[in-house]
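One structure below.
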Amino acid sequence: MATDYDNPTGISPLLPTPGIPGITLPDDFTLEAADRGMVPGPVAPKPKKPPFVQQSPVRFPSRDPTVYGEGISRLVGAFSGPGFNLIFRPHTDKSGDEDKDPDGIKPKLSVPLGGLQNDLLELNLTHEIWTFPRADLGEIPNRVAAAGKDAILFGIPYTQIVRDVTDAGTGTRVPVDRLGKCNVEKKKALVSDIHFEPGLLIHVEHSSPVSDEATITRMASIPHGTTINAQGAKAVKLVGAPDIPLFSETASQPFLVNGGGPIPFTDDQFNLDKKDATRLPQNMTDFLKTESITKKMTQDPNELLRIHNVGKNFSQFVRFTVSTTPSQPLDKQACPHLAAQAAMQSALDAFDTQNKVPAPPAPAPPANQDAKTKAAQEAATKAIAAARKAIADAMVLCSEPVPTKGQKPTAAASGTSNIAFLDGTLTQGPNARTGRVTSTFWISTVLYTLTLPKDFTPTLDNKGNVLMKDGKPVNSLPPFEPTEKSEVNASSGRRKFAAEDDGTFPTFVFPADRFVAKGRYQVSATQVQYSQTVNLIFNGLVWPHVSVATLVPIRPVVVNFATKVS
């Protein structure tokens, strides 16, 4: 009869992995209401943080889902993995187009006859690092103003780092480790950091009077000058593999702000066979050969997530979506854009009211003042007309654009705030103002198989403790790769570029304090995937900026429980 491995208190025999980024909080840090220390008499004890739990069939540590919800409760530790980034950005400043590359051999871009476009499409093969510290924020009190119940929020900080690992010379990814570091000397310079994001994920138990249902909010700061507050319904838990949706064929194409269909750009930026397109990388020949970037991926970036799931055995997943677009009617003052729109509408109404009220009769001016009075009246009329037009133009920036065919509308940015450079002016327009941000997360439990070729017997001292030297056990098993990795890499289920180590399979390690019989074991680990679309507004269009990634634990997953299958 097969014997399971059950060692819930076992710890990793490995030394800590150096260089993992993240946010560190003091051990005793916990947010709480100030009431406790402001009441006369003995001070009540600090509230205890919710403990980590191990729930079947998820036997690795997670936060209590009754407190944090099914979504963010499973986000513990550091994760990394490959991704893909598609972004249009303004390219009006072309001063550096013909600068030589670092070796001085060729210009950054080949300039075709007629010049380059004012909008550049950038395609990045990426490596992402997300860190969710074990520390949490404690109890966050939100006071209710009307009759009702206060809300206690629970949440965790996180950091996101995105590294560009595009190798235009070979049409592949730069080989990197779990932290996105390249150990090939000639290729180290190809790795560049293109995004850093500190943020918070918050579980909101209720949003009365808007809703009594629990919600999730993602609050983040973007270095380019944007902050977001994206909200969504609580996570849904389902059995089986994550339901990664298809993008429509036009979802990654820009579209008009206030109506009309998408603009395909098939003659230039989206024409991957065009070698002098306004695009980076400009020549896609090698990428198309290796299939590291394909036309399908530019139309449907979620294709990469589906590729990463080939050959994996999923037991369950949770899914949640957050967006900066409000799903409930909001008071005008709840959003600066809506408040500004309301104020400007009031100004227009005042103009109309003033024009409808008949002016009192004025005494006839002297004859020599008739011309001056008429000129002044004409100037005043022109000034009022100009003011009305300026207000109307400003209101366009605050309005929710009309939905276009095949596209969701860009919201009034109620959950985003941009610096002045991004917002632009009425005369020049935005320089890439962030409008709507929507992201969906799939947090999966994946089952893997480990093969142990021979028995392992721990080395213990005379007190029964693991014998240690230099901070680690003198005898331990090395990290194991799951057999599914080699099976998938040998199959035709993935594209050629994925036959290498694509970083979407974790490694596992057994604790050094317990006997482990040889054989095959089934273990589990968390996998995080996300798909995000940011609508950028510039040059009269809305430009989708799409990012996707598949993330697995950076550190080897400690096997505290395993089912022996043979």
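The values are calculated or read from the model by the stated rules, or taken from the named source; none is laboratory data. The structure displayed is predicted, hence computed values, not measured ones. Heads up, the Cβs are rebuilt from the backbone with ideal geometry, glycines too, and the neighbour counts pull from every protein chain shown.
Please verify whether region 533-550 includes one or more residues that are modelled with pLDDT of 90 or more, more than 25 Å from the chain's Cα centre (by Cα) and surrounded by 19 or more Cβ atoms within 10 Å (Cβ to Cβ).
no
If a residue has to be surrounded by fewer than 16 Cβ atoms within 10 Å (Cβ to Cβ) and in contact with a Gly (Cβ under 8 Å, 6 or more places away or on another chain) to count, how many in region 189-203 make the cut?
Total meeting the criteria: 0.
Any idea which residue in region 250-265 is nearest to LEU86 (Cα to Cα), counting only those that are modelled with pLDDT under 75 and hydrophobic (A, V, I, L, M, F, W, C)?
PHE265
Starting from region 485-512, keep only residues that are closer than 14 Å to ASN309 by Cα and crowded, with 20+ Cβ neighbours inside 10 Å, then list their pairs with residues that are modelled with pLDDT under 85 and basic (Lys, Arg) whose Cβ atoms are within a distance under 9 Å, requiring at least 6 positions of separation or different chains.
Within 9 Å, the pairs are VAL488/ARG494; ASP502/ARG494.
With among the aliphatic types (A, V, I, L, M) and over 17 Å from the mean Cα position of the chain (by Cα) as the only criterion, which of ALA230, ALA220, ALA241 stands out?
Checking each option against the conditions leaves just ALA241.
Please identify the pairs in which a residue from region 106-130 that is at positive phi and charged (D, E, K, R) has its Cβ atom under 9 Å from the Cβ atom of a residue that is surrounded by fewer than 13 Cβ atoms within 10 Å (Cβ to Cβ) and in a strand (DSSP E or B), counting only partners at least 6 apart or on another chain.
Matching pairs, first to second residue: none at all.
For every residue, the table says whether it meets (1) under 25 Å from the mean Cα position of the chain (by Cα); (2) farther than 20 Å from HIS91 by Cβ.
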position: GLN253; (1), (2): yes, no
position: PRO262; (1), (2): yes, no
position: MET284; (1), (2): no, no
position: MET297; (1), (2): yes, yes
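Select the strands (runs of 3 or more DSSP E) contained entirely in region 100-188, then report the ones holding at least 1 residues which are buried (at least 17 other Cβ atoms within 10 Å of the Cβ) and of a type in the set (Phe, Trp, Tyr).
In region 100-188, the matching strands (runs of 3 or more DSSP E) lie at 119-132, 151-164.
List the pairs whose first member sits in region 424-439 and is over 19 Å from ILE228 (Cβ atoms), whose second member is among the polar types (S, T, N, Q), and whose Cβ atoms are under 9 Å apart, counting only residues at least 6 apart or on separate chains?
Correct list of pairs: GLY429/ASN539.
Enumerate the helices (runs of 4 or more DSSP H) found wholly within region 226-315, keeping only those where 3 or more residues are farther than 30 Å from SER524 by Cα.
In region 226-315, the matching helices (runs of 4 or more DSSP H) lie at 285-290, 295-299.
Any idea which of ILE72, ILE105, ILE87 is out of contact with any Pro (no Cβ under 7 Å at 6 or more places or on another chain), of a type in the set (Val, Ile, Thr) and at pLDDT below 75?
Checking each option against the conditions leaves just ILE105.
Go through (1) more than 20 Å from VAL310 (Cα to Cα); (2) at pLDDT below 95 for LEU452 and report which single condition fails.
Every condition holds for LEU452 apart from (2).
For region 371-402, how many residues meet the condition of being under 30 Å from PRO262 (Cβ atoms), surrounded by 14 or more Cβ atoms within 10 Å (Cβ to Cβ) and either among the basic types (Lys, Arg) or at pLDDT 75 or above (or both)?
The total comes to 0.
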